[in-house]
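The values are calculated or read from the model by the stated rules, or taken from the named source; none is laboratory data. Everything quoted here is computed from the prediction, not taken from an experiment. Cβ placement follows ideal geometry from the backbone for every residue including glycine, while neighbour counts extend to all protein chains displayed. The accessibility values were calculated without ligands, DNA or RNA, using every heavy atom of the protein model including side chains. Shrake-Rupley method; radii C 1.70, N 1.55, O 1.52, S 1.80 Å.
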Amino acid sequence: MNITFIGGGNMASALIAGLLQKGFKATGINVVEIAPEGRARLKASYGVNTYADLSPEAVATDILVLAVKPQQLCDLAARLRALLGRQLVISIAAGIRSADLSRWLGGYALVVRAMPNTPAMVMAGVSGLYALPAVSEEQRRQAGEILGAVGSTLWLEDEARMDAVTAVSGSGPAYVFYFIEAMQ
């Protein structure tokens, strides 16, 4: 399994670190990161292959993890559309429904929506996942393995439930931290 992360920020870095801790080889990971300092950090910290922009070489992998801000996803999808073959596309962008991403990708149906939370940065996250019907059981297993590298995973059969997962797993840890801080 070869993976390309598009975006190399905090969550992508956490997932990469988790995969490497689980024995995944750095040579099987590409990261497309536009910031030169980000590329240098990723290369130095993890030994992964880095690219400054989308290219056929950068995305010639089994799985693409879209780890960009939600407001960047539509433009990214328009650029990515022509480079897709049969890769599984996993989006970790909050609030973007899989049907919208699929439409932005020109009707591409191999899409998994995932919602990891900030405890993933310390390998204690909980990620909700939802797959479009065209995603195979093997691809679901692969998506679970990637997100499972930073904690537990929960598959949802109804994407509408992702909003509740996002609210609880995203806001829950922040609420607990705020409560502990108030007790101090």
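When segment 126-150 is filtered for residues that are part of a strand (DSSP E or B) and modelled with pLDDT of 75 or more, the ones remaining, listed by number, are SER127, GLY128, LEU129, TYR130, ALA131. Among the residues of segment 69-92, which ones are surrounded by 22 or more Cβ atoms within 10 Å (Cβ to Cβ) and part of a loop (DSSP other than H, G, I, E, B)? Listed by number, the list holds a single entry, ILE92. Does any residue of segment 26-33 turn out to be open to solvent by less than 30 Å² (accessible area, probe 1.4 Å), within 24 Å of GLU157 (Cα to Cα), of a type outside the set (Phe, Trp, Tyr) and modelled with pLDDT of 95 or more? No: zero hits.
Across segment 36-68, the qualifying residues are those that are part of a loop (DSSP other than H, G, I, E, B) and charged (D, E, K, R), and the one among them that is nearest to LEU88 (Cα to Cα) is ASP62. If you check ARG86, ARG103 for being closer than 22 Å to VAL135 by Cβ, basic (Lys, Arg) and modelled with pLDDT under 95, only one passes: ARG86.
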